[in-house]
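Enquirer: Take a look at this one; I'll ask things after.
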Amino acid sequence: MSTTVPREAWAVAVASARLQPHVALPVEVLGLPILLYRDAHGAVRGWLNICAHRSAPVVLHEQRCDRFRCPYHGWTYGTDGRLQRTPGFGGDAGEHALTAVAVHEADGLVWVRPAGTGPGAPPFLHALRAAGAPSAAGWQVHSTSRHPLAADWSVYVENYLEAYHIPFVHPSLSRDVVLDTYRVHVHEGFVTHEVERAPNAPAAGFWAWIWPATMLNVYEGGMNLERVLPEGPGRCTIEYTYLFDPAVKPDQRERALAQSEIVTAEDVAICEAVQRNLDTGLAVQGPLSPRHEGAITAFREWLQTGA
Ligand SMILES: [Fe+2]
């Protein structure tokens, strides 16, 4: 299992609807502290949230502002990331700036690549759309929830990448789908799930995992944006942001929320039990099912190669 998360990759930082103009938002992306800011023209910029002076977080809490003042010694940056003032410094501190990171906003989501170089937009977005991912533009944030998990982030991702466990771990979800039709598709940089819904079950959904730690769980008229936040060996947090089309009926929304929380509790329990066994040092790496676990094979390869 992997306890370190790759940082030279794209991950969703936040839903667009959470970031209004003139708002600065500290957010963690792939284990790194990121500062996002939406300017008056609507563009989003991002930097490492690390002061160029003595490494304090420059913005501690979400705030409306037109500059960023570090709470440690008052070093103040403009919304272009450049150092403007160093009150009481007693000399010329020189030219400094926050370290910019790649940011790309599309379909109601703000993507960030917190480290490394490469294209300024996630290369998989077109393919993800073609595979069935809807746009969340115009959807509203209903709520967020955080689930601490006593397991490596990769244990949770591997669990997400297969449906082999559904009949055993998720009795209510099993009743809503036709398991024989379940297929997991591996694409370049992401994985999608496809399954027919049982008669009388809620309308079909769409599930995608995007390397390395973002998931989009889509229902009719809504989405659970899922981020896995690694916290070192044996610990991570699963963060959910529930987004809904304003036209969705409340009972439809409540049903989606309730099922999501049930399935999460079931996954948390099995992942934590697996982690306890991994921690014995006595677990063997068994064979992966060619029918059900091809995406785990791909994930392990991408971990080796950086995808
Ligand atoms: Fe599961």
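Enquirer: Can Tyr182 be described as closer than 17 Å to Tyr219 by Cα, open to solvent by 30 Å² or more (accessible area, probe 1.4 Å) and within 16 Å of the ligand (Cβ to nearest atom)?
Expert: Considered against the rule, which asks whether it is closer than 17 Å to Tyr219 by Cα, open to solvent by 30 Å² or more (accessible area, probe 1.4 Å) and within 16 Å of the ligand (Cβ to nearest atom), Tyr182 comes out as yes.
Enquirer: Pull up the stretch 63-73, narrow it to residues that are of a type outside the set (S, T, N, Q) and part of a strand (DSSP E or B), then point me to the one that is least open to solvent (accessible area, probe 1.4 Å). Full working, then the answer.
Expert: Step one: of the stretch 63-73, the residues of a type outside the set (S, T, N, Q) are 64-73.
If we keep only those that are part of a strand (DSSP E or B) as well, we get 64, 68-69.
Working: Arg64: 168, Phe68: 1, Arg69: 147 Å².
Among those residues, the one meeting the criterion is Phe68.
Enquirer: Are any residues in the stretch 7-20 part of a loop (DSSP other than H, G, I, E, B) and either at pLDDT below 95 or open to solvent by 50 Å² or more (accessible area, probe 1.4 Å) (or both), and if so, which ones?
Expert: Arg7, Glu8, Gln20 - these are the residues of the stretch 7-20 that are part of a loop (DSSP other than H, G, I, E, B) and either at pLDDT below 95 or open to solvent by 50 Å² or more (accessible area, probe 1.4 Å) (or both).
Enquirer: Shifting gears a bit: Enumerate the pairs (first residue in the stretch 166-179 and in contact (Cβ under 8 Å) with a residue 24 or more places away in the chain; second residue anywhere and within 11 Å of the ligand (Cβ to nearest atom) and open to solvent by 30 Å² or more (accessible area, probe 1.4 Å)) with beta-carbon separation below 7 Å, excluding pairs fewer than 6 apart on the same chain, so at least 6 apart or on different chains.
Expert: Val169/Glu266; Val169/Ile270; His170/Glu266; Ser172/Ile262
Enquirer: Kindly establish whether Thr192 is without any contact (Cβ under 8 Å) to a residue 40 or more places away in the chain and either more than 13 Å from the ligand (Cβ to nearest atom) or touching a Lys or Arg at 6+ places or on another chain (Cβ under 9 Å) (or both).
Expert: In short, no.
Enquirer: Anything in the stretch 239-287 that is touching a helix residue (DSSP H, G or I) at 6+ places or on another chain (Cβ under 9 Å), away from the ligand (no atom under 16 Å from the Cβ) and at pLDDT 95 or above? List them, or say none.
Expert: Matches in the stretch 239-287: Thr241, Tyr242, Leu243, Phe244, Leu278, Ala283.
Enquirer: For the stretch 207-307, please list each of the strands (runs of 3 or more DSSP E) lying entirely inside it that holds at least 2 residues being β-branched (Val, Ile, Thr).
Expert: By residue number, 214-219, 236-244.
Enquirer: Given the structure, is Leu60 outside any loop (DSSP other than H, G, I, E, B), modelled with pLDDT of 95 or more and outside the structural domain of Trp211 (by TED's automatic domain parsing)? Steps first, answer last, please.
Expert: On the way: outside any loop (DSSP other than H, G, I, E, B): no; modelled with pLDDT of 95 or more: yes; outside the structural domain of Trp211 (by TED's automatic domain parsing): yes.
No: the conditions fail for Leu60.
The values are calculated or read from the model by the stated rules, or taken from the named source; none is laboratory data. Quick caveat, the model's predicted, so the values are computed rather than measured. Virtual Cβ from ideal backbone geometry, glycine too; neighbours counted across all protein chains shown. The accessibility values were calculated without ligands, DNA or RNA, using every heavy atom of the protein model including side chains. Shrake-Rupley method; radii C 1.70, N 1.55, O 1.52, S 1.80 Å.
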